[in-house]
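This report refers to the structure that appears directly beneath it.
The values are calculated or read from the model by the stated rules, or taken from the named source; none is laboratory data. Nothing here was measured: the structure is a model prediction, and the numbers come from that model. Here the Cβ positions follow ideal geometry from the backbone for every residue, glycine too, while neighbour counts run over all protein chains shown. Side chains included, ligands, DNA and RNA excluded: accessible areas come from the protein's heavy atoms. Shrake-Rupley method; radii C 1.70, N 1.55, O 1.52, S 1.80 Å.
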Amino acid sequence: AFGLIGGFITASTYTLITVLLIPIYFYIIALHFHGMRSRLDSFIPVSRRQRVWDVVQQMDMAVSSFVHGRLLIALIMAGLFSLGWSPLLTNVPYWLVLGILTGVLSLIPFAASLGWLLALLVITMDLSVGESMTVWDWTLRLGLPTLVYGVVQFLEGWFLTPWIQGYSLNLSVFTIMIAVFIGAAIGGVFGMLLAIPIAACTKIIL
């Protein structure tokens, strides 16, 4: 039990730090962007300077399209989770809040699982204070929201991300899936998060 709790705390802490560091990195880079560009100009031959910055601008547009695509996917997933956990289907307590929260967490690979665990915890607390439940009732109340989570994650991984990100970045579905697998193997969560924009930028450079 202590090992399980310790592992959960470690994973939660790592996810929280990841969520906090990304906007900090972004702010620092954005704050010094113009100074960085001026310094880089001095290292680029004048004859190639315009061409280099044209390529950089295309890469910037690719990254922007990636961010917009991730936000759109998170919005769709928030709607799917909210619908799946609503009283119409599985009747999870606080379904709207949990659905939106889980959709937002989906911006970071695997972070949506925290929303799913929180939903199971809320269901467990709700059932514990009510009337006695059979094993079958417990299985249904915990299993159906889990099934919804699995279906939404499947749709996100195999349809939403490849189609939406592929369309916005002009990358094939196969290329995106391979890039995500390689990114996960090399850099874990950060690797999965950065794999698609890096693949798009690499294609532009090539």
Cα-based Rg of region 26-143 per 2.2 N^0.38 Å, rounded to two decimals?
-> 1.75
So what is the relative contact order of region 31-155, in percent, for Cα pairs below 8 Å that sit 6 or more residues apart?
-> 20 percent
Average accessible area per residue (Å²) across the chain - probe 1.4 Å, nucleic acids and ligands excluded = 65 Å²
Cα convex hull of region 85-129, projected area averaged across orientations, nm² | 2.9 nm²
With the chain reduced to its Cα atoms and the Debye formula applied, log10 I(q)/I(0) at q = 0.13 1/Å amounts to -0.84
Rounded to a whole %, the carbon-and-sulfur portion of the accessible area of region 116-206 at a 1.4 Å probe is 77 percent
Separation of the MET36 and PHE190 label points, Cα + 7 Å toward Cβ, nm | 1.4 nm
Once both axes come from the Cα atoms, what is the angle between helix 46-84 and the longest principal axis of the chain, in degrees from 0 to 90, rounded to 10?
-> 10 degrees
The chain: angle of helix 2-31 to the longest principal axis, Cα-based, in degrees nearest 10 | 30 degrees
Longest site-free stretch - the chain; sites: chymotrypsin sites (Phe, Trp or Tyr not before Pro), DSSP loop, at most 16 other Cβ within 10 Å | 111-206
By how many degrees, 0 to 90 and rounded to 10, does the Cα axis of helix 173-205 deviate from the longest principal axis of the chain?
-> 40 degrees
How many angstrom separate the Cα center of region 148-186 from the Cα center of region 77-100?
-> 23 Å
Once LEU142 and PHE174 are pulled to full extension, the length gained, defined as 0.36 nm per residue separation minus their Cα-Cα distance, is 8.1 nm
For region 18-63, size of Cβ-based charge dipole, Lys and Arg +1, Asp and Glu -1, in debye = 180 debye
If you take the beta carbon distance between ALA11 and TRP163 as r and set R0 to 25 Å, what does 1/(1 + (r/R0)^6) give as a FRET efficiency, to the nearest 0.05?
-> 0.30
Positive-end residue, region 1-142 charge dipole about Cα centroid, Cβ charges, pick of GLY79, VAL122, TRP136 | GLY79
What order do SER172, SER38 take when sorted by accessible area (1.4 Å probe), most exposed first?
-> SER38, SER172
Could you give the dipole magnitude of the chain about its Cα centre, charging the beta-carbon of Lys and Arg +1 and that of Asp and Glu -1, in debye to the nearest 20?
-> 860 debye
